[in-house]
Structures are given as structure tokens and as C-alpha cells.
Amino acid sequence: MILVKYEDLLKEKNYTLIDVRTPKEFKEEPIPGAINIPLLLDEERVDVGTAYKQVSPEKAKELGVEAIAKRLPDIFREIQKHAKGRLAFYCARGGMRSGSMSALFEALGYTTWKLEGGYRAYRQYILENIKTYNKDVKYIILHGKTGIGKTKILQQLENKGYSVLDLEKIANHKGSFFGGVCEKEEQSQKKFDSLIFDYFYKNKPQYVIAESESKRIGNVYVPEDVFQSLGNGVHLSLETTIKNRVEVIREDYAGATIDELQKCLDKVGRYIGKEKYEEYSQMLKDNKIDELSEVLMLDYYDPLYQKSIEKYTYDSEIFYETIDEGVEKVVRYLNEKGIFGKEVTE
């Protein structure tokens, strides 16, 4: 069995990274690019842990061996299905689970590695290196009120080959009380950090285009060095018509149910007073979504965002009637600054 550090693994190409932890562990804190082939399923690990605490370590090991023995044929088939090159196994701390799998498959004739320190060492490495990769990156930050279409502009810029860091996309959240609606699932902090590191490692950007964010997006927090860079970057002020903003909101939340929107409105209700809350709730019940979107933006979100707007000095102010026009004007600004998108081919 050969131990390998994550930074050395990054230099390799022909290998398969296999996470042998439970599906729950893998979902909350994966290494991007890894596949999950668990030794123990979630409920099996709970049973083993309970036996360890309430009976004895020997009983826990017995239960673990029995569970793993039943799964070995499935584990072997899964590894055969996915195996490419050397097999690199990891678990939480680089201990028994990854060690036993590495030894077993080495005995079966495979070439194996065990990730030294497991996921814990990987996480320590990425947190240190987010700082390193981020250090000399130039940030260009898009500012604008709710519904301005910043995320849509970022998406089009990315499609044109610009280096875009879409933190809200990575966070699975749009950044307001309504931000989690229409998203697939809540993001974990560890997965959020991993995806940010993955972006920096794969792109090694000289510049980053992002939108202005608060420290917290949904239930995750932007790494401190990245957050500081957002504040210290070059700032662009975006503005569009209220009509365009309503259209953007309508599109963003097209899949939301009335119940989902009401739950979000309940959170806003704590800050707007009973009379307005009841008025807005009635508009929602009457399915006056466009009217509700407009009044929420003008009466609630715009005054809140004004405080953030006043904190910065802007290098350029860009007004547009449509998202496409907004993209065109941002591209023109970037080109004037000597920043060009790479040609993107299918």
C-alpha cells in the first residue's frame, strides 16, 4: 500500500479517486471528482457506532465485518465498473476504512494508493490553498439591486469564456430570504469550500468576475480571503428598468409554489410590519406575483441594498433595457480594460 498526499495526487492523471465513507458523509463533504463506494451504509455505520458505545469495541468490529462482508460483491462490481488506472482510496482520516480497501484490492492485483490523512488532510490543504490561489487575483464586481439580473449576466459572460466565480450558484442560493426557493438542496459549508478550491485550481485565474455578496449566502459563508477580495475589487454599478427586474424575478422563481413563497414572505414579515405583511400575503394569495415582486423590491429590498451601494466607489455605471444589452455593455467595459473572453467551442 502506498500513501499519497492530496497535493501529489493533483499532479497525477490516470487514477480513480474512491470515497469509502457512508453516502451521508460523501454528500456533505465530497472531494470533487471522487466516486462514492461505501464500505458501510448510513444505517450500518450508526449500528456499529452504537455497539461501540453501548456494548464494546469488539462487538462493533464484529458488526462492521459482517456488514462489509455482505457488501463486498457489490463493492467489487462497482470498482470494476469505475476503475481507471490506479485506485486511490480515502476515508475520513486515512484510517481503517481506506486502509482495508487499499490492502484488499492490492491483494487482488490492482495498483492502489491510500490518501494520507483522508478527507481531513484534504480539507486542510484546500483551505490553505484557496488563500494561495486567490492572493493575486484581480476582482471585477457587479453591483445591482434585487432582480437586476446579475446572475444571468455572469452566466452569459461565462459562456463567452470569461473567468466567472458564481458564488450563488456554488452555494445553491440566490442570496435573499427567497434565495433558497427553486434550488435543489441546501449546500454544506465543506462542499461549498471544495467547489471554490476546485474553481481556482482548474482555472488558475488572473482575474475573476463576480457579483457583490454578503459574507453569508444561504447557510454557507464565503471564505474570508475571497470575501475580502470582493470588497477590494473594481466595482461596476448595474441598473435596469423595474419592468426588466420583474421579468427576471418571474423567470427565476417560475417553479416556486405559493406555499414556498409564503414561507419566505413570513420571514420578510418580521421586518415590514403587520399591515404590509397582510397586504403582501393577500397579493400572493391572489396570484399577483408581478405586482408583489415590484412592491417588495421598491419598498423593502431597494432601501436595504442602498446601504451597500453607498459603501463603494464605482469605476463604471451601466444601464440596460435587457439582459443581452447589459452583457454587451459589460463586455465592452472589459475589453476597454484589456480583458477578453476565451473562444468557447462545443
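Can you tell me which aspartates and glutamates have their Cα less than 17 Å from the Cα of Lys138? Leave out same-chain residues fewer than eight positions away. Excluding near neighbours in sequence, the set is Glu158, Asp166, Glu211, Glu213, Glu224, Asp225, Asp315, Glu336. For segment 55-151, averaging the sequence separation of C-alpha pairs within contact (under 8 Å, six or more residues apart) and dividing by the residue count gives a relative contact order of 20 percent. Within the chain, the ratio Rg/Rh, alpha carbon atoms throughout and Rh by Kirkwood, equals 1.06. When peptides 56-64, 81-89, 190-198 are ranked by their average number of other Cβ atoms within 10 Å per residue, the highest-first order is 190-198, 81-89, 56-64.
Here the contact order of the chain, divided by its residue count and restricted to Cα pairs under 8 Å and six or more residues apart, works out to 18 percent.
Once you've got the GNM for the chain with C-alpha springs shorter than 10 Å, pick whichever of Ile140, Ile258, Ile31 has the biggest mean-square fluctuation. With Cα springs under 10 Å in the chain, the top fluctuation among Ile140, Ile258, Ile31 is at Ile258.
By the helix-only formula, in which each DSSP H run with n ≥ 4 contributes -39500 (n - 2.57) and the sum is divided by residues, the chain has a 222 nm mean residue ellipticity of -16500 deg cm²/dmol.
As a quick test, which of the pairs Lys24/Lys204; Lys267/Lys288; Lys169/Lys276; Lys135/Lys204 have an alpha carbon distance above 23 angstrom in this structure? The answer is Lys24/Lys204; Lys169/Lys276. Scaled against 2.2 N^0.38 Å for its residue count N, the alpha carbon radius of gyration of segment 1-91 is 1.21. To put it simply, the accessible area of the chain at a 1.4 Å probe is 49 percent carbon and sulfur. Mean separation of Cα pairs under 8 Å and 6 or more residues apart, divided by the residue count, gives segment 102-181 a relative contact order of 10 percent. In the chain, the longest principal axis of the Cα atoms and the axis of helix 323-336 are about 80 degrees apart. Please go through the residue pairs Lys263/Lys329; Lys243/Lys342; Lys5/Lys61; Lys131/Lys311 and name each one whose alpha carbons sit more than 30 Å apart in this structure. Beyond 30 Å: Lys263/Lys329; Lys243/Lys342. Of interest is the spacing of the C-alpha centroids, which for segment 284-334 and segment 244-262 amounts to 15 Å. Of the residues Leu334, Leu261, Leu108, the one that moves most in a GNM of the chain with alpha-carbon contacts below 10 Å is Leu108. Could you tell me whether segment 187-229 comes out rounded, prolate or oblate from its Cα gyration tensor? Rule is a ≥ b ≥ c as square roots of the eigenvalues, rounded for a/c under 1.5, then prolate if a/b exceeds b/c, otherwise oblate. It is oblate, given that a/c is not under 1.5 and a/b is not larger than b/c.
Build a GNM of the chain with springs between Cα atoms under 10 Å apart, and of Lys150, Lys27, Lys274 the one that fluctuates most is Lys274. Annotation: per residue accessible area for segment 86-243 equals 43 Å², rounded to a whole number [probe 1.4 Å, protein chains only].
The values are calculated or read from the model by the stated rules, or taken from the named source; none is laboratory data. Keep in mind that what you see is a predicted model, and the values were worked out from it rather than measured. Cβ atoms come from the backbone with ideal geometry, glycine included; neighbour counts cover every protein chain shown. Just so you know, the surface numbers come from the protein's heavy atoms only, side chains and all, with ligands and any DNA or RNA stripped out. Shrake-Rupley method; radii C 1.70, N 1.55, O 1.52, S 1.80 Å.
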